[in-house]
Amino acid sequence: MRVNDMTKHKLATIVLISFALAGSAYAEIIEKVGTFDGKQVDYLIVLPDGFDPANEYPAVLAFAGGGQSMRTTRNAVENHWAGEAETQGYIVVSPAAPMGQLFFRAGASVIPSFLDEILQDYRVEKNKFHIAGRSNGGLSAFHVAASYPEYFRSLTGFPGFLQDANRERVAALTGLCIYMHVGEFDPGWSRAMMGQAEMLRDRGFRVQFGVEKGMGHGLDSLMGEGSKRLFDHFVDSANNCE
């Protein structure tokens, strides 16, 4: 889906943020704000080491959990995305919920014009994104991927699943590699995700479902050095689902 430029207006870059990442140099994160679908969106962009605007890069659309505020988004970028994005050569785009509207609810309406803007600003490999998120961010990743599948290459929830899994919305995920992680001590999410993973496999989807031993809902095992496993999914999907 492409949206007329008159429906959106991008504002200036605000600031460069430096995050101290364990075992690595400082990562510069670009913070921006724009208006999309009539809603203000604050967002962060991580650029890889040696970024060259003339080159194409794989890209990730990443959603934070909780209320998806800018503070939560910054924490998620620091814990899950910035270090590996820099070293592995990825662009990561992580928006905060517009006007407090979560991305698995009304906030999803900004996604087409928002991603069209990102695709104008950066050369994204295949003009598509890997999409991922944690908790409410995982629900958001599944919701957005089913709503606008033409923008995406793979789908990861840690935890996360498709809430409104009707036939049409499930079919919209066709062609995506799907990765689902849930904590051993997170029974409600585990039951929902395990059942959905089985349903998707029965319908011919390529799904990896994993239980994180010793973990609750927070999935600290996918933070810091563990975040490499999230990027391994992106590589796996490029090799097996495209």
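The values are calculated or read from the model by the stated rules, or taken from the named source; none is laboratory data. This one's a predicted model, so the numbers in the text were calculated from it and none came from an experiment. No Cβ is skipped: glycine too gets one built from the backbone with ideal geometry, and neighbour counts run over all protein chains shown. Surface accessibility is based on the protein's heavy atoms, side chains included, excluding ligands, DNA and RNA. Shrake-Rupley method; radii C 1.70, N 1.55, O 1.52, S 1.80 Å.
Observations
- Every pair of residues 6+ apart whose Cβ atoms lie under 6 Å, when the first sits in the stretch 46-63 and is charged (D, E, K, R) while the second is assigned to a loop (DSSP other than H, G, I, E, B) and modelled with pLDDT of 95 or more: 56/123
- Beta carbons closer than 6 Å, at least 6 apart along the sequence or on distinct chains, pair a first residue in the stretch 146-158 that is over 16 Å from residue 189 (Cβ atoms) with a second that is open to solvent by 10 Å² or more (accessible area, probe 1.4 Å) and in a helix (DSSP H, G or I) for 146/169.
- Number of residues in the stretch 175-196 that are among the aliphatic types (A, V, I, L, M) and over 19 Å from the mean Cα position of the chain (by Cα) equals 2.
- Taken across the stretch 191-199, residues that are without any contact (Cβ under 8 Å) to a residue 12 or more places away in the chain, surrounded by fewer than 20 Cβ atoms within 10 Å (Cβ to Cβ), over 25 Å from residue 102 (Cα atoms) and charged (D, E, K, R) do occur, with at least one present.
- The number of residues in the stretch 74-110 being closer than 25 Å to residue 50 by Cβ, β-branched (Val, Ile, Thr) and either without any contact (Cβ under 8 Å) to a residue 24 or more places away in the chain or open to solvent by less than 20 Å² (accessible area, probe 1.4 Å) (or both) comes to 4.
- Per the listing 50, 67, the residue uniquely outside any helix (DSSP H, G or I), over 21 Å from residue 239 (Cβ atoms), out of contact with any strand residue (DSSP E or B) (no Cβ under 7 Å at 6 or more places or on another chain) and at pLDDT 95 or above is 67.
- Exactly one residue among 131, 178 is in a strand (DSSP E or B), farther than 21 Å from residue 45 by Cα, among the hydrophobic types (A, V, I, L, M, F, W, C) and open to solvent by less than 30 Å² (accessible area, probe 1.4 Å), and that residue is 178.
- Residue that is farther than 20 Å from residue 60 by Cβ, open to solvent by 40 Å² or more (accessible area, probe 1.4 Å) and at pLDDT below 95, where the choices are 202, 164: 164
- Selection from the stretch 186-234 of residues that are outside any helix (DSSP H, G or I), of a type outside the set (Gly, Ala, Ser) and within 20 Å of residue 80 (Cβ to Cβ): 186, 208, 209, 211, 212, 213, 215, 217, 219, 223
- Any hit, the stretch 225-232, residues being under 26 Å from residue 89 (Cα atoms), in contact (Cβ under 8 Å) with a residue 24 or more places away in the chain, out of contact with any Pro (no Cβ under 7 Å at 6 or more places or on another chain) and open to solvent by 90 Å² or more (accessible area, probe 1.4 Å): yes
- Residue-level check: of (1) open to solvent by less than 10 Å² (accessible area, probe 1.4 Å); (2) under 23 Å from residue 233 (Cα atoms); (3) among the polar types (S, T, N, Q), residue 113 misses just (2).
- Checking each residue in the stretch 210-219 for being surrounded by fewer than 18 Cβ atoms within 10 Å (Cβ to Cβ) and over 17 Å from the mean Cα position of the chain (by Cα) picks out 210, 211, 213, 214, 216, 217.
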